[in-house]
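Just below is one structure, and these are the notes that go with it.
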Amino acid sequence: GSVTPLQMALAYSVFANGGYLTAPMLIAKVTDSKGRVLSLGAPPVLDDSSRAIDARNAFVMSSLLQEVTRSGTAASAKRALGRGDIYGKTGTTNDSMDAWFAGFHPSLVAVVWIGYDTPRKLGDRETGGGLALPVWIEYMAHALKGVPVKEFTPPEGVVNVNGDWS
């Protein structure tokens, strides 16, 4: 199967939103040349009708994705951004045809895909961590500038045993 970056962002937004599925907001604010706000996107209202997965599952999955940015294939994201409240996963398709990084902060999801419209190899040693992740880091450095660090609070019913959430 295949997915678009927007579909991947929608999927990851469920984790960023604590288990709620929300429509992606591609443009949050439009201003004129003097900085006056012309249009402002409203955050979605989260209620039971938009719950996709249990909050506990979203939290546990987010903790796994956070570990990828702390000590896994995306550890350079934490080092470069200097913050621990980022979550994500690198991805490389068979034969290095596509390189991905899908990641989020509790307030923002961003996905980077690198590949060709007419599929062909990116190169024998190209990966999501080597190609897509640096682009994501550069974007998030700008997007999260001035945004406070925000860690997820474990929901009721989730426990930490020997460093693992369950």
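Search the range 134-153 for residues being assigned to a loop (DSSP other than H, G, I, E, B) and over 18 Å from Ala55 (Cα atoms), and hand back the single one that is least open to solvent (accessible area, probe 1.4 Å).
Leu144
Go through the range 119-143 and report how many residues are under 21 Å from Leu64 (Cα atoms) and among the aliphatic types (A, V, I, L, M).
4
Under 7 Å by Cβ, and 6 or more places apart or on different chains, what pairs join a residue from the range 17-32 that is basic (Lys, Arg) with one that is assigned to a loop (DSSP other than H, G, I, E, B)?
Partner pairs satisfying both residue conditions: Lys29/Gly41.
Quick one: which residue in Lys89, Lys121 is among the charged types (D, E, K, R) and either in contact with a Phe, Trp or Tyr (Cβ under 9 Å, 6 or more places away or on another chain) or at positive phi (or both)?
Exactly one of Lys89, Lys121 is among the charged types (D, E, K, R) and either in contact with a Phe, Trp or Tyr (Cβ under 9 Å, 6 or more places away or on another chain) or at positive phi (or both), namely Lys89.
Looking for whichever is of a type in the set (Asp, Glu) and surrounded by 11 or more Cβ atoms within 10 Å (Cβ to Cβ) here; the options are Glu126, Glu156. Which one fits?
Step by step, each of Glu126, Glu156 is checked, and only Glu126 is of a type in the set (Asp, Glu) and surrounded by 11 or more Cβ atoms within 10 Å (Cβ to Cβ).
Consider only pairs whose beta carbons are under 8 Å apart and that are at least six residues apart or on different chains; among these, list those whose first residue lies in the range 41-66 and is in contact (Cβ under 8 Å) with a residue 40 or more places away in the chain and whose second residue is buried (at least 18 other Cβ atoms within 10 Å of the Cβ) and of a type in the set (Lys, Arg).
Taking only residues 6 or more apart or on different chains, the pairs are Leu65/Lys89.
The values are calculated or read from the model by the stated rules, or taken from the named source; none is laboratory data. The structure displayed is predicted, hence computed values, not measured ones. Virtual Cβ from ideal backbone geometry, glycine too; neighbours counted across all protein chains shown. SASA here: full protein model, heavy atoms, side chains in, ligands and nucleic acids out. Shrake-Rupley method; radii C 1.70, N 1.55, O 1.52, S 1.80 Å.
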